[in-house]
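Just so you know, all these numbers are worked out from the coordinates, no wet-lab data involved. If you're wondering where the values come from, they're calculated on a predicted model, not measured in any experiment. When we count neighbours, we look across all protein chains shown, and the Cβ atoms used for this are built from the backbone with ideal geometry, even at glycine.
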Amino acid sequence: MAEPEKNLLDYNANAAQLQPFDLVIPPEYAGLRLDQALQKLLPAYSRSRLQDWIRREQVRLDGKAATPKQNVWGGERVAVAPLAHPSELPYAAEAMSLDIIYEDEWLLVINKPPGLVVHPASGHWQGTLLNALLHHCSRLADIPRAGIVHRLDKETSGLLVVAKTLTAQTDLVRQLQARSVRREYLAVVHGVIAREGAVTAPIGRHPRYRTKMAVVAAGKPAVTHYTAVERFAACSLLQCRLETGRTHQIRVHLQSIGHSLVGDSVYGGHTKLSVDGETVVFRRQALHAARLGLTHPASRIEMAWQAETPEDMRRLTAALRGGAR
């Protein structure tokens, strides 16, 4: 539920290895903390990164392990054996189970389970869909971002297309930019929605909470269509269709009209519901990418796939359905 990847050529499968440093603390740095002195000697690296190397004992002061706040007085010999940041290391192929809905020479379609991160990032450098793709098809190492052209949030389940050639990747990105890729989601939201509608509101970074998105005037245009599939006592099952693919689009748009996704605590949804006096717990956003349609990049044939609703969402709607009687 994000924009197509724009910086496809920033994928680097062969990051350079960092070289060790042998340094001498200059006399004029006397009285500084070790991390401050190192920041002056190695200005290409942030202080937080230098501190991390010191804590990991990658820095030796006169042959001994040091601490970041240790003072230096000039003349000390410092040996630095840098640790590469995970973002600089080649992405590793990892053997993981993939639910492959379709695959041919040009593309594959994955049914992503909830909880799986699509692309390595801070806090999730291993165990991602990208790592699994590199193991499934080794030639994806030569494709930017291992062929990933769009993403789903970690806790969103459902269909995601991956390109297996550069030509296919370019074509799929163009289809996403032209809004011709058809993406339909199932969502369980708080509140009863009586009719279909659309949210047309720009989305951008939240002005206060930078890890969140929000409807903001300076944001990028975004359109979400929704239709009520089923209504319960205090919730609704919606079918949502995307015209655009902004980060967290459905989650933000539905929150903006007072119907946050069940389980989406980031955007105002509750993880616990009371149904007929019983507590129903759902700890992820109730969102599933159920249908995907596109033009095949080689044959130009229109293709479409559908992914069965995952078990946890089926249990949720069954519990809500029981409470609606």
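Here the simple spin-label model places points 7 Å from the Cα toward Cβ, and for ASN71 and HIS296 these points are separated by 7.4 nm.
Here the contact order of region 21-83, divided by its residue count and restricted to Cα pairs under 8 Å and six or more residues apart, works out to 49 percent. Across region 282-325, the residues whose backbone nitrogen lies under 12 Å from the label position 7 Å along the beta-carbon direction of LYS272 are 282. Taking the helices alone, the chain has a mean residue ellipticity at 222 nm of -5000 deg cm²/dmol, built from -39,500 (n - 2.57) per DSSP H run of at least 4 residues and averaged over all its residues. Charges were assigned to the Cβ only: +1 to each Lys and Arg, -1 to each Asp and Glu. The resulting dipole of the chain about its Cα centre is roughly 900 debye. Residues whose amide H comes within less than 5 Å of that of LYS220, counting only those at least five positions distant or on another chain, are ILE203, GLY204 (H built at 1.01 Å from N in the peptide plane). Taking a virtual spin label 7 Å from the Cα of ILE100 along the C-beta vector, which residues in region 150-172 bring their backbone nitrogen under 16 Å of it? Hits in region 150-172 for ILE100 at 16 Å: 160-165. The coefficient of translational diffusion for the chain, derived via Stokes-Einstein from the alpha carbon Kirkwood radius under 20 °C and 1.002 mPa s, stands at 95 µm²/s. Out of every Cα-Cα pair that region 21-83 contains, those further apart than 16 angstrom amount to 31 percent.
Extending 7 Å from the Cα toward the beta-carbon at both ALA233 and THR309 defines two label points whose distance is 1.8 nm. Residues of region 93-121 falling in the label zone of THR211, defined by backbone nitrogen less than 12 Å from a point 7 Å along Cα to beta-carbon, are absent.
With the contact rule set at Cα under 8 Å and sequence spacing of 6 or more, what percent relative contact order holds for region 179-253? Relative contact order here is 37 percent. For the chain, the longest principal axis of the alpha carbon atoms and the long axis of helix 166-177 meet at an angle near 60°. Ranked for footprinting exposure by Cβ neighbours inside 10 Å, fewest first, PHE232, PHE282, PHE21 give PHE21, PHE232, PHE282. The charge dipole of region 211-325, taken about the Cα centre with unit charges on the Cβ atoms of Lys, Arg (+1) and Asp, Glu (-1), comes to about 200 debye, rounded to the nearest 20.
Per-residue Cβ neighbour counts within 10 Å put VAL149, VAL199, VAL229, VAL24 in the sequence VAL24, VAL229, VAL199, VAL149, beginning with the fewest.
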